[in-house]
1. Taking segment 18-46, which residues are assigned to a loop (DSSP other than H, G, I, E, B), within 17 Å of the chain's Cα centre (by Cα) and of a type in the set (Gly, Ala, Ser)?
2. Going through 29, 52, 59 one at a time, which residue ends up being under 24 Å from residue 88 (Cβ atoms) and either in contact (Cβ under 8 Å) with a residue 12 or more places away in the chain or of a type in the set (Ser, Thr, Tyr) (or both)?
3. Checking residue 93 against (1) within 17 Å of the chain's Cα centre (by Cα); (2) among the hydroxyl-bearing types (Ser, Thr, Tyr); (3) modelled with pLDDT under 95; (4) surrounded by 10 or more Cβ atoms within 10 Å (Cβ to Cβ), which single condition isn't satisfied?
4. Out of all the residues in segment 6-45, which are under 22 Å from residue 69 (Cβ atoms) and surrounded by 13 or more Cβ atoms within 10 Å (Cβ to Cβ)?
5. Modelled with pLDDT of 90 or more and either in contact with a Lys or Arg (Cβ under 6 Å, 6 or more places away or on another chain) or among the aromatic types (Phe, Trp, Tyr) (or both): is that true of residue 10 in this structure?
6. Mind checking which residues of segment 51-73 are farther than 25 Å from residue 1 by Cα and either part of a loop (DSSP other than H, G, I, E, B) or modelled with pLDDT of 95 or more (or both)?
7. Determine whether residue 44 is closer than 25 Å to residue 90 by Cα and charged (D, E, K, R).
Amino acid sequence: MQIAIHSVADLGLAVRAVRRSSDVRLDDLAATAGVSKQFASDVERGKPRVQLGLVLKLLGEMGIPITLHIPRSAESELAALRLKGVRPPRARTVAGSATPPKR
């Protein structure tokens, strides 16, 4: 089944529904995915500020793929970027700190 996700709350409800329908406890899912129980709970509750990389890890563990539908006009640009090996820029950090600089 495909569903449209318009908010983090929509994503959280979908994650919770899949987990519950699979009879998996929240703490078991978190342990299997390598995230904290609090993080998994935050995702299910639709907390707006969670790390995307960890969300993708959690979804992958649950077998929930993410697909983006980009405009056709962007397809050739995406292909060219992939051929060049372009990756998204990493977050810069302040010297000696793990905190990204404020912009």
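1. Selection gives 34, 36, 46.
2. 59
3. The number of the failed condition is (1).
4. Within segment 6-45, 8, 9, 10, 11, 12, 13, 14, 15, 18 qualify.
5. Against the criterion (modelled with pLDDT of 90 or more and either in contact with a Lys or Arg (Cβ under 6 Å, 6 or more places away or on another chain) or among the aromatic types (Phe, Trp, Tyr) (or both)), residue 10 does not qualify.
6. Of the residues in segment 51-73, the ones farther than 25 Å from residue 1 by Cα are 51, 73.
The one that is farther than 25 Å from residue 1 by Cα and either part of a loop (DSSP other than H, G, I, E, B) or modelled with pLDDT of 95 or more (or both): 51.
7. No, not satisfied.
The values are calculated or read from the model by the stated rules, or taken from the named source; none is laboratory data. If you're wondering where the values come from, they're calculated on a predicted model, not measured in any experiment. As a convention, Cβ positions derive from the backbone with ideal geometry for all residues, glycine included, and neighbour counts pool all protein chains shown.
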